Amino acid sequence: PGTRSGVAIVNPQQSFLQILLRLINSEGDLIASRILNLPARNQVAQFVDELFLGLGQFRGSLHLTTSMPIAVLGLRQRSSGSLSTLPVGERAFGGINQSFGVVTVPAGIELNGQGQNIDSLGFWEAPDPSQTRLYVTAKNNRLVEVWQFPFLAGEQPPLQGVFGLGDVNGVVTDQLEDLLFVTQASPSSSIYAFSIPEQEFLGTFGTVDLGREPNLDLLDTPDGQRLLFVTSDAGDLVYVFELQGASGTLIDQFDPQGPGEIETILADDFYGILYVPDEERRGGIFAFTPDGTPYQNCAGRVDCASQFAEDVFQADAEGILMYRCQASGNDLGTGFLVVSDQRQDATEFEFFDRITWEHLGSLRITGVSNTDGIASTQQPLPEFPLGLLAVVDDDRSVHLLGWDGVLQATGLSCP
């Protein structure tokens, strides 16, 4: 009582730094987080209640994550106004992970269902893990495979009969509203909505040309908007729909400058970033804000960048997912991105640090090649305490691997 704690931070680098600040209470729960932008060779000193306005009484610790070394000093001000220093814990910098080179792991559970020329994947995490599902789109026979945990021998009746003409391509689940959205290519060019777990068809929306391989992802904004971003290779556009339950209203569109032909897209709610792989030109990954402006990442760079992995991919950059480090179910803002390099001989799953975008390494799965879609669930499941990684194998089947085994093989971890 009557004391205030703070921190003094010095950026000795020649480049602008983004510093992730996290407040963790004495029970280990994430209370709040934010990004602090600190110019090159600059400093800041603030109390915790200035860094996090409206905090109130708090007992716990302040954690800082950045990509390069910084100088940090803890401060305490007593009710008398006198200042003293506080001890600072173990210091580390960079992304949360170290590079691991190229690693090969054995194939996991294989699911071979009714779909022909399968493409995209999406998990729905049920309140009861035994009801968790995996959805798999199939282009040629226009259906969505449905698999229920424990998945092997768990194929359910597919979603079919409601789709029009055109490949059934993209899929995303809405965990908040328990909805499934599926994109169908031209000439139907529609977004289909289904309830989960009932899988009742709820209708379609979207009156734009979605081209040959439309895909999609959801983003929740800080002001409460729920946005669905849908890609179209007809004009290489991204359409933005504001969701109202199972329907959506087109509110914007933009041409993501940089990538060649586009298909997949990934939304990061924590930072407000959209990631778009360059599918054809092997130009890497491009990052945008929700309005289509290039997102400038300055972490550990002399010059900020909105593109990375320019020299990583040897084939099409296809599926993309994010592994989020969490505390008590809250996103900590750290983790890594995974993008499939669709090689015909053996797919390489490229890993990138979520903060710095540094290439961490390549994962191969024995016998898996020509991968389109990938998906992740971090829901603890029986026999899979850290959840599952799902990958498409050569348009025919899906392989499931426990994240615990993948992290062990690569040496990756969360703090």
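Nothing in this text is a laboratory measurement; each read-out follows from the coordinates by a stated rule. Everything quoted here is computed from the prediction, not taken from an experiment. We place every Cβ from the backbone using ideal geometry, glycine too, and count neighbours over all the protein chains shown.
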Fill in the blank from the handout: Percent antiparallel among DSSP beta bridges confined to the chain, nearest 5, equals 95 percent
Exercise for the section: Compute the Cα gyration tensor for the range 338-415, then decide on rounded, prolate or oblate, letting a ≥ b ≥ c be the square roots of its eigenvalues: rounded whenever a/c is under 1.5, prolate when a/b is larger than b/c in the other cases, and oblate in all that remain. Expected result: oblate
Problem - R0 of 30 Å, Cβ-Cβ distance Asn25-Glu50: FRET efficiency to nearest 0.05 - result: 0.95
Handout entry: Karplus-derived HN-Hα couplings along the range 401-410 (A = 6.51, B = -1.76, C = 1.60, θ = phi - 60°), whole Hz, x at Gly and Pro
Key = 10, x, 4, 4, x, 5, 5, 5, 5, 8
Exercise for the section: Could you tell me whether the range 112-248 comes out rounded, prolate or oblate from its Cα gyration tensor? Rule is a ≥ b ≥ c as square roots of the eigenvalues, rounded for a/c under 1.5, then prolate if a/b exceeds b/c, otherwise oblate. Expected result: oblate
Exercise for the section: For the chain, state the average projected area of the convex hull of the C-alpha atoms over all orientations, rounded to one decimal in nm². Expected result: 20.2 nm²
Fill in the blank from the handout: Residue separation between Asp252 and Asp128 times 0.36 nm, minus their alpha-carbon distance, gives in nm 40.9 nm
Fill in the blank from the handout: Contour minus Cα-Cα span, Glu177 to Asn42, at 0.36 nm per residue, comes to 44.2 nm
Practice task
Counting helices only, and only those DSSP H runs with n ≥ 4, report the 222 nm mean residue ellipticity of the chain as the sum of -39,500 (n - 2.57) divided by its residues, in deg cm²/dmol to the nearest 500.
Solution key: -500 deg cm²/dmol
Practice task
Report the FRET efficiency, 1/(1 + (r/R0)^6), for Cys414 and Thr366, where r is their Cβ-Cβ distance and R0 is 35 Å, rounded to 0.05.
Solution key: 0.85
Practice task
Along Cα→Cβ, 7 Å out, is where each label goes; now give me the distance between the ones at Ala346 and Ser80 in nm to one decimal.
Solution key: 6.8 nm
Completion exercise
Taking a ≥ b ≥ c as the square roots of the eigenvalues of the Cα gyration tensor, with a/c under 1.5 meaning rounded and otherwise prolate when a/b exceeds b/c and oblate if not, the range 315-363 is prolate
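Please return the longest stretch of the chain lacking exposed loop sites, where trypsin sites (Lys or Arg not before Pro) count only if DSSP places them in a loop and at most 10 other Cβ atoms lie within 10 Å.
Segment 92-415 is the longest.
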Exercise for the section: Give, in nm to one decimal, the length gained when the segment between Phe100 and Ser61 is fully stretched (0.36 nm per residue of separation minus the Cα-Cα distance). Expected result: 11.0 nm
